[in-house]
Amino acid sequence: MDYAATRDEALARVADAQDLGAVEALRVELLGKSGSISGLLKTLGGMSPEERQALGPQIHALRESVSQALGEAKDQLESAALQAQLAHETVDLSLPACEALRGTVHPVSQVMDELAEIFADLGFAVATGPEIEDDWHNFTALNIPESHPARAMHDTFYFPDQMAQVGQKMLLRTHTSPVQIRTMLDAVKTNPGGAPIRIIAPGRVYRSDSDATHTPMFHQVEGLVIDKGIHLGHLKWTLETFLKAFFEREDIVLRLRPSYFPFTEPSIEVDAGFAIINGKRVLGGSGDAPGHGWMELLGSGMVNRKVIEAGGFDPDEWQGFAFGVGVDRLAMLKYGMDDLRAFFDGDVRWLQHYGFSAHDVPTLSGGVGVRP
Ligand code: DAH
C-alpha cells in the first residue's frame, strides 16, 4: 500500500474543503470510528511484528498529518467566518439602551428585613412556624381554652372537620404566637433542661375580617425571650430600643398600659406618642403634650406560667416576655401609606411607587432583585 499517495490524496481533499461542514464530513470519513485511515490503523493488529515495525510508523505519521491538516483547515475557516461577521456586523453605540424592567421589594418584605436586622443586633434569631396550624398550638397551649371568649375575637378560618389531624381541628393561624410554643418545644427537645431563647417570628396570619384597616391575611412579628430572671424592665428596654431603631427616631416615647392577653401575665399594651404634622400622625415625643396623642402600637407581657409549661419549660426556673406587632401597620406608619388593602392588591403602579430597590437598601435578604 502506498501510504504517501493516500496521504497526498487526503491532504488535497482537505485543502479543497470549502466550509466547516465539509471539513467535519472529511474528518468522519477519514478519521472517524469507521474512517478509512482509522481502518488502516486497525490492520496493524493482524501484521507480523516485523511488518508492524516497518509500517506502523508510516500509518501513524499518515494519521498525524491528516489530523493536523484537518485541524488547521477548521481553524482557518472559523477565523475567516469570524472576520466576515465582524466586517458586516456593526454596533451603533449611539442608540439608547433598553431599560431593564426591575421589580421592587414590597414594603412588607422590606420591613421584615429591617426587623430581622434590628433584632439580630439584639441577639434574636428568626423562627418560623406553619400557617396551617392546629387548634392546640394556636389556642389551647397559649392558655386560650375551648370556651374562652378570646377565641371569638380572632374570627378564625377553620378547616372542615374531616381535615382534623391527631384529633386537632386545623385552622389558618390567627396570630404568630403559636411559634412561641413550637420554638420552646423544639428547644426542649435538643436541650431537655431548657435553654435561653431569643427569637422573633415574622409571618402571615389570617382572620375573617375586611375593611380599610383589616385584611383577611396580614402580617405579624412575634417576639419571645425565655431565660432566667427575666423581668418587665427587659421587655421595656427591648421594645424601646427596637422602636427607636425601627422608626429611626431617638424621641420615641412609650406608654405601657395594663391589658389582658391569655398568654401573658401581666399583659401590657404599648402606646407611642405622636404629633400631628401636615395632617399626618408622626411618632415622636410624649402623647401628653398639647396637640399630641397616644397610639396603640403592640401587645406584650410576661409569658404566662401556663404557656411556659406548655412549651415544656419549668416556670419556676424560666421566665420570659413576649410581644406581637402588626408588620403591615409598622410599614404604614414608617413609610406613610394609609390604605392597608393596597398592600395586597398587587397593583404594579403602587408597587413601583412604594416598593424598595433591591440594590439601594441594605437588607439581609437583598430582596428579590438580581445583583449586578
Ligand atoms: N397574639 C396577639 C394578637 O394577635 C398579639 C400579642 C399580644 C402577642 C401580646 C404577644 C403578646 O406575644 O405578648 O392579637
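Kindly work out what percent of the DSSP beta bridges joining two residues of the chain are antiparallel, to the nearest 5.
95 percent
How would you rank 288-299, 45-56, highest first, on the average number of other Cβ atoms within 10 Å across their residues?
Output ranking for 288-299, 45-56: 288-299, 45-56.
Given the Cα-Cα distance of Ala212 and His148 and 0.36 nm per residue of separation, how much length would full extension add, in nm?
That pair, Ala212 and His148, stretches by 20.2 nm at full extension.
Roughly how compact is the chain, stated as its Cα Rg over 2.2 N^0.38 Å to two decimals?
For the chain, the normalised Cα radius of gyration comes out at 1.77.
Using the Cα centre of the chain as origin and beta-carbon charges of +1 (Lys, Arg) and -1 (Asp, Glu), tell me which of Pro192, Thr241, His175 is placed farthest towards the positive end of the dipole.
Ranked along the dipole, the leading option is Pro192.
How much accessible surface area, in Å² rounded to 10, belongs to the heavy atoms of Asp19 with a 1.4 Å probe?
80 Å²
In debye to the nearest 20, how big a dipole does the chain give about its Cα centre with +1 on each Lys and Arg Cβ and -1 on each Asp and Glu Cβ?
In debye, rounded to 20, the chain gives about 700.
Bin width 10 Å, alpha-carbon pairs only: give the P(r) of region 58-100 as whole percents, running from 0 to the bin holding the largest distance.
Computed distribution, short to long bins: 23, 24, 20, 16, 10, 6, 1.
Can you give me the solvent accessible area of Glu248 with a 1.4 Å probe, rounded to the nearest 10 Å²?
Counting only protein heavy atoms, Glu248 exposes about 140 Å² to solvent.
Please give the calculated 222 nm ellipticity per residue for the chain, where each DSSP H segment of at least 4 residues contributes -39500 (n - 2.57) and the sum is spread over every residue; nearest 500 deg cm²/dmol?
-12500 deg cm²/dmol
With a probe of 1.4 Å, find how much accessible area region 107-354 has per residue, and write the answer as a whole number in Å².
For region 107-354, the solvent-accessible area averages 47 Å² per residue.
Set the Förster radius R0 to 56 Å, insert the Cβ-Cβ distance between Ala25 and Val91 as r into 1/(1 + (r/R0)^6), and round the FRET efficiency to 0.05.
Details: r = 34 Å, r/R0 = 0.61.
Efficiency, from the Cβ-Cβ distance: 0.95.
What's the percent breakdown of Cα-Cα distances in region 194-261 across 5 Å bins, shortest bin first?
That works out to 4, 11, 16, 18, 21, 18, 9, 3, 1, in percent per bin.
Mind scanning Lys244/Lys280; Lys189/Lys236; Lys189/Lys228; Lys169/Lys306; Lys236/Lys306; Lys33/Lys74 and naming the pairs with a C-alpha gap bigger than 26 Å?
Distance filter (> 26 Å) returns Lys189/Lys236.
According to the Kirkwood expression over distinct Cα-Cα pairs, how big is the hydrodynamic radius of region 79-189, in Å?
The answer is 19.3 Å.
Based on Cα positions only, what radius of gyration and what Dmax would you give for region 1-93, in angstroms?
17.6, 69
Counting pairs of alpha carbon atoms under 8 Å apart in space and at least six apart in sequence, what relative contact order in percent does the chain give?
Relative contact order of the chain: 17 percent.
The values are calculated or read from the model by the stated rules, or taken from the named source; none is laboratory data. Values in this document were obtained by computation on a predicted structure and should not be read as measured data. Using ideal geometry, Cβ is built from the backbone for each residue, glycine included, and neighbour counts are taken over all protein chains shown. For accessibility, only protein heavy atoms count, side chains too; no ligands or nucleic acids. Shrake-Rupley method; radii C 1.70, N 1.55, O 1.52, S 1.80 Å.
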